[in-house]
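Reviewing the structure listed below.
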Ligand code: KIV
Ligand code: ZN
């Protein structure tokens with residue numbers, strides 16, 4: 001069996017999805033979950049792209065111990081220096097430096113000749129090697145590059161010290177046969193290829209990212225890059241959970257191993273979906289809500305007689321339905337602390353108190369508190385910024401009657417510490433609530449999206465609301481969960497507004 005390393009880029013390529021803006025605390029929580037999932041390498045961001053990305057990559061590098069942490073850099077000395085500053089405290093820092101190699105990119109974007117591109121790639125890999133032991137070099141738009149040019153440039157960057165050669169299908173253009181052939185050609189023609197690992201990185205514009213990645217693995221690639229739920233720019237990246245499960249279910253065809261813990265798939269997918277606000281379509285392979293449901297009578301009959309008739313993946317394999325009843329109304333603090341440690345959380349005593357209070361409040365209203373509920377509480381607490389001046393909800397009331405205009409009354413404390421209160425109407429309960437919040441909050445707000453869903457099943461499931469808005473001209477998203485849909489709506493609105501106050505400096509302090 002050949003081992004394949006899993007390189008997750010949810011926090012870099014995935015975060016480039018339109019409308020996604022994760023704050024540093026959310027990124028750290030996703031990174032912790034990726035570590036539990038067992039990814040070998042995680043790309044935490046693009047440190048030179050913004051101060052926020054730099055701080056997030058640094059915080060992740062300092063937190064993660066069991067995965068290698070990498071950051072992206074353009075082929076410039078200053079990007080590499082900034083990446084080193086962000087990554088140097090990691091348990092195993094590595095650099096990912098890229099430069100385009102296709103005729104169209106070299107001519108129109110870089111305005112450089114192939115010889116100039118080769119020289120820059122070699123110089124920057126040598127420069128990076130002075131700091132990083134592990135350097136991945138990516139030939140951007142490799143799948144549309146000339147094969148003999150690829151052979152020449154790869155030979156030279158390996159001589160310069162690159163330890164991984166990544167050949168991305170940047171625009172999602174290639175087919176499995178073509179992509180596999182490219183790797184075979186490189187393996188057969190680059191004389192020093194044994195000194196580096198080959199990596200694939202696929203985009204899903206033609207819906208072939210996972211198939212292309214599998215074809216690459218069959219042709220000698222030992223590192224596969226992708227994102228959770230396949231999020232990413234345009235049509236997204238290859239879905240890592242689909243690749244992982246395909247390798248597992250079709251071991252007969254794919255004799256490869258990974259370090260992934262498959263039962264963490266559902267939780268990882270839920271977390272990424274919740275924090276990014278990017279819903280997983282119900283029919284999505286492996287993690288969609290319908291992936292294990294059998295609606296048609298014929299299927300149900302078969303599944304009841306023997307699950308193997310229509311089910312090739314068991315829900316348990318990917319952590320669906322492992323939603324045991326965990327703790328109840330009478331569970332004490334000690335049992336609660338044990339449970340959350342088992343779940344892999346380390347909370348300060350202040351946050352532990354807060355989590356225990358939220359859990360107790362939930363047991364008053366909800367019959368069964370599941371793992372999923374606990375995760376929602378814990379992730380909310382872990383990602384709530386402390387020591388930040390912000391708006392806080394004190395109390396609210398909404399009156400609704402089918403014949404009357406709904407009216408909301410809200411009391412808030414402002415970032416200046418003042419208590420303010422007012423009432424407004426709206427054509428629906430949520431609108432009344434949001435009109436009232438807008439009247440109390442002095443920032444300029446334009447709500448662009450509102451999405452309500454439930455966490456888990458049952459009539460007493462937690463409600464979760466995602467909103468998108470502009471606050472003082474900045475695009476932000478917000479998230480709130482509660483047992484009541486209006487409370488979740490209010491929390492999501494305030495959470496989005498408060499994001500403009502979460503300066504990176506304060507966030508780093510609160511970690
Ligand atoms: O798709 C791509 O080419 C990339 C590179 C930066 C590796 O994301
Ligand atoms: Zn990409």
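For the range 347-410, what class follows from the C-alpha gyration tensor (a ≥ b ≥ c being the square roots of its eigenvalues): rounded when a/c is under 1.5, otherwise prolate if a/b is larger than b/c, else oblate? Because a/c hits 1.5 or more and a/b fails to exceed b/c, the range 347-410 counts as oblate. At q = 0.10, 0.11 Å⁻¹, what base-10 log of I(q)/I(0) does the Debye formula yield for the chain when every alpha carbon is treated as an equal point scatterer in vacuo? The calculated log intensity ratios at q = 0.10, 0.11 Å⁻¹ are -0.84, -0.99. Relative contact order of the chain, taken over Cα pairs closer than 8 Å and 6 or more residues apart, is 11 percent.
Between the helical axis of 349-365 and the longest alpha-carbon principal axis of the chain there is an angle of about 60 degrees. Distance between the pseudo-spin-label points of residue 189 and residue 401 (7 Å out from Cα toward the beta carbon): 8.0 nm. Helix 51-63 and the longest principal axis of the Cα set of the chain meet at an angle near 90°. Here the gap between residue 88 and residue 123, fully extended at 0.36 nm per residue and compared with their Cα-Cα distance, gives a gain of 10.5 nm.
Estimate the FRET efficiency between residue 289 and residue 148 by the formula 1/(1 + (r/R0)^6), using the beta-carbon distance for r and 51 Å for R0, to the nearest 0.05.
That pair, residue 289 with residue 148, gives E of 0.60.
Based on the Cβ-Cβ distance of residue 249 and residue 65, what FRET efficiency does E = 1/(1 + (r/R0)^6) give at R0 = 45 Å, to the nearest 0.05? So, using R0 = 45 Å, E works out to roughly 0.90.
Global size of the range 2-276: 17.1, 48 Å for Rg and Dmax (C-alpha atoms, Rg to one decimal, Dmax whole). Helix 77-87: angle to the longest alpha-carbon principal axis of the chain, degrees 0 to 90, nearest 10? Orientation of helix 77-87: about 50 degrees from the principal axis.
The relative contact order of the range 221-316, computed from alpha carbon pairs under 8 Å that lie at least 6 residues apart in sequence, is 19 percent. In this simple spin-label model, placing a label point 7 Å from the Cα along the Cα-to-Cβ direction at both residue 343 and residue 484 gives a separation of 2.4 nm. If the chain linking residue 457 and residue 384 were pulled fully straight, counting 0.36 nm for each residue of separation and taking away their Cα-Cα distance, it would gain 23.8 nm. Overall dimensions of the range 392-510, expressed as equivalent-ellipsoid semi-axes from the Cα gyration tensor (√(5λ), whole Å, largest first), are 23, 19, 13. Fully extending the segment from residue 394 to residue 159, taken as 0.36 nm per residue of separation minus the present Cα-Cα distance, adds 78.3 nm.
Under the simplified labelling scheme, the residue 422-residue 439 pair shows an inter-label distance of 0.6 nm, with each label point 7 Å from Cα along Cα→Cβ.
Overall shape of the range 333-382 was characterised from the C-alpha gyration tensor. The equivalent ellipsoid obtained from it has semi-axes of 16, 11, 10 Å, in decreasing order. By the gyration tensor of its Cα atoms, with a ≥ b ≥ c the square roots of the eigenvalues, what is the shape of the range 165-309: rounded for a/c under 1.5, prolate for a/b over b/c, or oblate? It is prolate, given that a/c is not under 1.5 and a/b is the larger ratio. Once you sort the root eigenvalues of the Cα gyration tensor of the range 337-444 as a ≥ b ≥ c, which label holds: rounded (a/c under 1.5), prolate (a/b larger than b/c) or oblate (the other case)? In terms of gyration-tensor shape, oblate. The spacing between the range 53-98 and the range 401-435, judged by their C-alpha centroids, is 45 Å. If R0 is 51 Å, what FRET efficiency do you get for residue 109 and residue 307 from their C-beta distance, rounded to 0.05? After rounding to 0.05, the efficiency reads 0.50.
Coordinate-derived values only; no laboratory data. Keep in mind it's a predicted model, so treat the numbers as computed, not measured. Cβ: placed from backbone, ideal geometry, glycine included. Neighbour counts: every protein chain shown.
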